[in-house]
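The structure under discussion appears below in the form of structure tokens.
The values are calculated or read from the model by the stated rules, or taken from the named source; none is laboratory data. This structure is a prediction, so every number in the text was calculated from the model and none was measured. Please note: Cβ atoms are built from the backbone with ideal geometry, for glycine as well, and neighbour counts cover all protein chains shown.
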């Protein structure tokens, strides 16, 4: 094994009953390299990582790590860690109620007596060395998500790791936080750590990675130097087809709004207990608009206020010109408003219930407590939308938690489409799902708009919003700082508006 | 293999049904006469059914009814109500008080029952408000009435353990003339039918499970989570008052200290044995009712084996450990893997599972 290789996996295969998750996959990681592992949902990325970290036993193949020419057999995550392979997951697996220092050292070493002072000093040193803006004595829960993520990484790194696996670390971070995380990754790279970076964000892969390995349907498609792989090619390799749909699809929609008709939804001075400043907002029939801004700028809070998800503290609302009151989600639902929440796991799916129950839930609630659908009716609704949206599930009885992220999201979309809303709010409908499904959802939004449904669309990916929206509302620090339409809708313009430089550059 | 059998094997009822079957088989081998049914004539000169099976079904009635309510509370609030015994004493005391102040006729009995029911539903509302409104852990919230309930029951009847006697109460507590089956069994059957009708004609099941599994999501879909939790505690109140009144009618007196003592523990066990997660969410009422009968069958079996009543609890504990461990996720997971390795070839690739995202 050459000296600069820290990890080499050869011919890895893994089969689950009925599913071939990995088939003869090779993967090589060099010292001081950031290596993106990419592929659609279900391509085998997670399985590969779980085989590497000993969560699943492999069926076939060899794994070698730096410093030895022998094959290793990793049986548990603990063992992987001892060999210098550390993983930081998307969901933070630290204890929020402990301090940063405690989190750094808990569960390490066999000693029973703990010297908290040295531990704190050591932690302070590590934090300083890695430029992490946190104090050793701070309670972890009081740190931002990005910092928590960094602490998790620092913990992994401090355990003398050669291979660091980051499983979608950026999916809940905003741009500034991502930048900080990237700075940390570069720092680690300079120290010779090999980093495996799993992400759905193409831009991020191109920004920070040296090489990209693409998996599809459990097979290795190839490993490429980033500079040799244009984006379009990467996408087509991930999807397995020449993809001009993505580039062809652009926002051909102009304002087709009927004149003289009252807006579908109009709010004046709407504010909620979750902390949005009072704002005005309206949307016309068949319009697609979007809230944009950094994470935490108040875009989610704004749409939640529209739906009555948080307690509203003021404001007047008109729906189709008539004054109405929305004080809880059910009020909004009765007015034909649907809301797909940002956090699919926490707010969207009811994980133990079946796909069928999840799909009919909202319509069933609107129909009323005393009028349940018969099983046959429910089955028909579920079947119709499973076909319509191409939801991949074994049956309508399957618990929704055993579906992949993209399919869960489609089921939640189905839930709201089934209610035949006149106004649909989609908060990050494409987060954490594969490119193919993303495109499908974007197309669906445009189709709905053609059918006269109004849609408010929120996405962290600005390109996606530019493709789908005809009007963008820009937010900063929980208030609206600008509105962009037509030719003003460019990435640069949005950035400037967010940064508050519209006047100078306008 | 028949389809219904396959479905059964997958359902949570496998373990409780298996445990029940095991008890039956065990008793068959121990003493074939265990299951004999006799028709005898009771003191009033009516022909009645007797035998171990009847006494199991009969004496488990209160437990079965309370277990149904406990299941709903568990599902919606992710916790248990430990005040059911004490609240049953309150309901029973109100029942007795109303009966004693009037000459006992059917309308008065109904009125007395409704009075007890109202008291128990009020207690349920109190518990439910603490749990849903103030977000207190159910066990802590219901500890208040666990402590205060029996003293309140004592106060309702002015400190005595008054008796009530009327042939009409005997009809409720033991037999209706001409019907050889003990009335409590009939009440359980009627109540079960009523509850399953409610589940079929309303969205109680869907809403309760949605609230128990993911309260935030349930709320965003327009479900009143607060209301569903209180509703489940109120329904448990109804169950508890029925159980309390049956128990009073059986004995013809109310002893506020011992009426349905420790029933909360058996009710929670019945829920657990029935394969329901004590952490809330999906539930099966059938499972809990079977659980109640298992507990009672076990007790009667032990009595039939001449185990002293003090020692019965210890034996019960052993069997319950076995059932609960068998139903635990760890063992279930192991059994599933075992099944997968044994039947791997038969299993088709149709089962989609998200391994890879």
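General remarks:
- Filter result (closer than 24 Å to residue A:438 by Cα, touching a residue at least 12 places away in the same chain (Cβ under 8 Å) and either within 9 Å of chain B (Cβ to nearest Cβ) or outside any helix (DSSP H, G or I) (or both)) within segment A:362-394: A:362, A:390, A:391, A:392, A:393
- Residues satisfying the stated conditions in segment A:16-35, i.e. more than 14 Å from every other protein chain (Cβ to nearest Cβ), assigned to a strand (DSSP E or B) and within 30 Å of residue A:207 (Cβ to Cβ): A:26, A:27, A:28, A:29, A:30, A:34, A:35
- Residue, nearest to the other protein chains (Cβ to nearest Cβ), within segment A:331-361, restricted to residues that are part of a helix (DSSP H, G or I) and surrounded by fewer than 19 Cβ atoms within 10 Å (Cβ to Cβ): A:346
- Exactly one residue among A:450, A:461, A:428 is under 15 Å from the mean Cα position of the chain (by Cα) and surrounded by fewer than 19 Cβ atoms within 10 Å (Cβ to Cβ), and that residue is A:461.
- Subset of segment A:162-207 (residues that are assigned to a loop (DSSP other than H, G, I, E, B) and touching a helix residue (DSSP H, G or I) at 6+ places or on another chain (Cβ under 9 Å)): A:169, A:170, A:172, A:173, A:174, A:191, A:193, A:199, A:200, A:201
- There is no residue in segment A:143-161 that is under 25 Å from residue A:345 (Cβ atoms), within 26 Å of the chain's Cα centre (by Cα) and in a strand (DSSP E or B).
- Residue within segment B:201-217 that is outside any loop (DSSP other than H, G, I, E, B), more than 14 Å from chain A (Cβ to nearest Cβ) and more than 22 Å from residue A:333 (Cα to Cα) present: no
- Residue among A:401, A:345 that is within 29 Å of residue B:277 (Cα to Cα), free of Cβ contacts under 8 Å to residues at least 40 places away in the same chain and within 18 Å of the chain's Cα centre (by Cα): A:345
- Number of residues in segment B:23-32 that are touching a helix residue (DSSP H, G or I) at 6+ places or on another chain (Cβ under 9 Å) and in a helix (DSSP H, G or I) equals 6.
- Check on residue B:227, more than 14 Å from every other protein chain (Cβ to nearest Cβ) and either assigned to a helix (DSSP H, G or I) or farther than 16 Å from residue A:368 by Cα (or both): no
- Residue B:232, sole failed condition from (1) surrounded by fewer than 24 Cβ atoms within 10 Å (Cβ to Cβ); (2) more than 10 Å from chain A (Cβ to nearest Cβ); (3) under 15 Å from residue B:283 (Cβ atoms): (1)
- Condition met for residue B:110 (under 23 Å from residue B:184 (Cβ atoms), assigned to a helix (DSSP H, G or I) and out of contact with any strand residue (DSSP E or B) (no Cβ under 8 Å at 6 or more places or on another chain)): yes
- Segment A:70-98 - residue that is in a loop (DSSP other than H, G, I, E, B) and free of Cβ contacts under 8 Å to residues at least 12 places away in the same chain and, of those, nearest to the chain's Cα centre (by Cα): A:91
- Complete set of residues in segment B:300-315 that are under 21 Å from the mean Cα position of the chain (by Cα) and touching a residue at least 60 places away in the same chain (Cβ under 8 Å): B:300, B:301
- Every pair of residues 6+ apart whose Cβ atoms lie under 9 Å, when the first sits in segment B:321-344 and is away from every other protein chain (no Cβ under 13 Å) and farther than 22 Å from residue B:276 by Cβ while the second is assigned to a helix (DSSP H, G or I) and modelled with pLDDT of 80 or more: none
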